[in-house]
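Read the structure below first, then the notes.
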Amino acid sequence: MTPRIGIGVAAAGLLVLTGCASWGPEGGPGGIGRSDAPVTAGTSAAPAVAATRGPDGVQRITVTMTDDLRFEPDRVRARPGVVEFRLQNVGVTPHDMTVAESTAGNVNGGQTATLRVTVEKPGEYPFPCLYHAESGMRGVLEVAAQ
Ligand SMILES: [Cu+2]
C-alpha cells in the first residue's frame, strides 16, 4: 500500500516539473553558462541523508549548493512533518531551491538561506534548483511513512 502512495506522489511531482515552463534561463540571473554540464535524469546514487529532528520537532538538514550545479546531499530522508532545509551556497553561482511548492528564492554565492516546508504525505518530493534543473541540479526529499 505504501509504495503505491509513494509512486503516486512522485508521478504528481514529475507532472509539476514538466508542466512548468516558466523557470528561469539556464545559468539564472548572473549565472555561469555551463554547456559542458551533463544533463542527467535523476539524482546521484548516494544514499539519502536523514534530516535530524530537533527538540522542537523540526527536522533539519544542511544542503550545500555548488558551482558544479549540484545539491549535496541530493537525497534527503524525513518523516511526515516540518522539514527545514538550511541552504549554503558554497560557490559563486546563484541558486534556488523549490520543494513542495515553496521556494527559497535566489541564494547568491556565499549566502545561506532557510526553507521550511510541511510534508504530510509519504512519498518523494523533488527539489530542483529552478535555474539549473535542466543541468541536473535537483534532489529528492523522501518522506517515509510515520
Ligand atoms: Cu542552481
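Data overview
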item	result
Projected label distance in nm at residue 67 and residue 144, using a 7 Å step from Cα toward the beta-carbon	3.7
Residue order, fewest to most beta carbons within 10 Å, for 93, 66	66, 93
Net dipole in debye of the range 85-146 [+1 Lys, Arg Cβ; -1 Asp, Glu Cβ; about Cα centre; nearest 20]	180
For 76, 82, order by how many other beta-carbon atoms lie within 10 Å, fewest first	82, 76
Inter-site label distance for residue 103 and residue 58 at 7 Å from Cα along Cβ, in nm	2.2
Signed unit charges on C-beta, dipole axis of the range 54-97, positive-most listed residue 73, 89, 57	57
Prolate/oblate/rounded label for the range 91-146 (Cα gyration tensor, a/c 1.5)	prolate
DSSP-assigned coil residues among GluC sites (Glu not before Pro) in the range 71-145, each with at most 16 further Cβ atoms within 10 Å	101, 120
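Read-outs throughout are calculated quantities, based only on the coordinates presented, and are distinct from any laboratory measurement. Because the structure is a prediction, the values reported are computed rather than measured. Virtual Cβ from ideal backbone geometry, glycine too; neighbours counted across all protein chains shown.
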